[in-house]
1. Here are ASP33, ASP39: which of them is farther than 26 Å from GLY169 by Cβ and outside any helix (DSSP H, G or I)?
2. Which residue out of ASP285, ASP246 is farther than 20 Å from PHE24 by Cβ and open to solvent by 40 Å² or more (accessible area, probe 1.4 Å)?
3. Within the range 265-292, can you find the residues that are among the basic types (Lys, Arg) and closer than 26 Å to ARG46 by Cα?
4. Show the residue pairs that are 6+ apart or on different chains and have beta-carbon atoms under 9 Å apart, the first residue being within the range 34-45 and open to solvent by 30 Å² or more (accessible area, probe 1.4 Å), the second being in a helix (DSSP H, G or I) and not hydrophobic (A, V, I, L, M, F, W, C).
5. Hey, ASP197 hits all of (1) touching a residue at least 40 places away in the same chain (Cβ under 8 Å); (2) under 27 Å from LEU241 (Cβ atoms); (3) within 16 Å of the chain's Cα centre (by Cα) but one; which does it fall short on?
6. With out of contact with any Cys (no Cβ under 7 Å at 6 or more places or on another chain), open to solvent by less than 30 Å² (accessible area, probe 1.4 Å) and either in contact (Cβ under 8 Å) with a residue 24 or more places away in the chain or over 22 Å from SER223 (Cα atoms) (or both) as the only criterion, which of LEU123, LEU131 stands out?
7. Is it the case that some residue within the range 112-126 is in a loop (DSSP other than H, G, I, E, B), among the hydroxyl-bearing types (Ser, Thr, Tyr) and under 21 Å from PRO19 (Cβ atoms)?
Amino acid sequence: MEPGELVTSAPLAARLGIPSGPLFFPVTAFGPDGSVDLDTFRTHVRRGVEAGAAAVFACCGTGEFHALTPEEFEACARAAVEATDGRVPVVAGAGYGTALAVRYARLAEAAGADGLLAMPPYLVVAGQEGLLRHYREVAAATALPVIVYQRDNAVFTPETVVGLARTDGIIGLKDGLGDLDLMQRVVSAVRTEAPGDFLCFNGLPTAELTQLAYRALGVTLYSSAVFCFAPEIALAFHQALRTGDDTTVEKLLDGFYRPFVELRARGRGYAVALVKAGVRLRGLDVGEVRPPLHEPDEDHVKQLADVIERGYALLEETK
């Protein structure tokens, strides 16, 4: 599918299966008074779609789902749907306990979203039986297809993922854990016990850094927070991976992605806060992060600007 082309009526799994570009996880824009800035958010989403995003995952981790009220969430999901204007699918977050996750799922459906990213339940460490029941209830609450997010307190055995894959409405697993041994067993179990269109995503922060390893497992889909502030770099990396251009992949990994990840590791919450700072550095004032996250140190923002400049210089070298 070419950038800007309207999406078809095909199921979401089919539309996400072979993306034409990175999966875009936009930040949520806040104004000077801390309120949601829907106009700036629409601009951010629209620019991402025009730059070549294959899908928009709105109000998820990078979009500070945890910091949004239900009303703000619905407004942002609706704004993302408006900004994409049918060109790519919109997937919205849903989380907390089962009752609230169901509420967010229904709000996303009312806003016109095409699917859901189901976040881990709030705080509790549940057993596999309880986790499976939770996600099945979320999936049953709407007609929207669901991608389950594995990380923190929601870690699944291969058998549980097979159960998810066999559940009506659940179409995929986004892995934010990074246990490659587990993911290989998950991929193998789903392939042999629940064959079909079930999707697996690399959902680690700055997933590009680990995507070569995930591709070896057969996981070709990944999220891209870098696309928020450096879409040209994210697109070049995606294209290089897809075409087997190892030279470009290695140059961007060594000169941009690794330094960015090392900078990101210098502060808690930087997986969101540093991305948002990057968007501001590139000229779109999306505001600050909401508590309990905090803004990056001034020196770290200066280092981020240098990393971004180096990344774009590398792009020129690869032309």
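1. ASP33
2. ASP246
3. Answer for the range 265-292, where residues must be among the basic types (Lys, Arg) and closer than 26 Å to ARG46 by Cα: LYS276, ARG280, ARG282, ARG290.
4. SER35/GLU72; VAL36/GLU72; LEU38/ARG78; ARG42/GLU82
5. Checking ASP197 against (1) touching a residue at least 40 places away in the same chain (Cβ under 8 Å); (2) under 27 Å from LEU241 (Cβ atoms); (3) within 16 Å of the chain's Cα centre (by Cα), the one that fails is (3).
6. Residue meeting the stated conditions: LEU131.
7. No, the range 112-126 contains no residue that is in a loop (DSSP other than H, G, I, E, B), among the hydroxyl-bearing types (Ser, Thr, Tyr) and under 21 Å from PRO19 (Cβ atoms).
Yes/no per residue for (1) open to solvent by 20 Å² or more (accessible area, probe 1.4 Å); (2) assigned to a helix (DSSP H, G or I); (3) polar (S, T, N, Q):
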residue: CYS60; (1), (2), (3): no, no, no
residue: HIS66; (1), (2), (3): yes, yes, no
residue: GLU74; (1), (2), (3): yes, yes, no
residue: ALA83; (1), (2), (3): no, yes, no
residue: ARG87; (1), (2), (3): yes, no, no
residue: GLY93; (1), (2), (3): no, no, no
residue: ARG106; (1), (2), (3): yes, yes, no
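The values are calculated or read from the model by the stated rules, or taken from the named source; none is laboratory data. As the structure is a computational prediction, the values presented were derived from the model and not from experiment. Cβ coordinates were reconstructed from backbone atoms using ideal geometry, including for glycine residues, and neighbour counts include every protein chain displayed. Accessible surface is based on the protein model in full, side chains and every heavy atom, while ligands, DNA and RNA are left aside. Shrake-Rupley method; radii C 1.70, N 1.55, O 1.52, S 1.80 Å.
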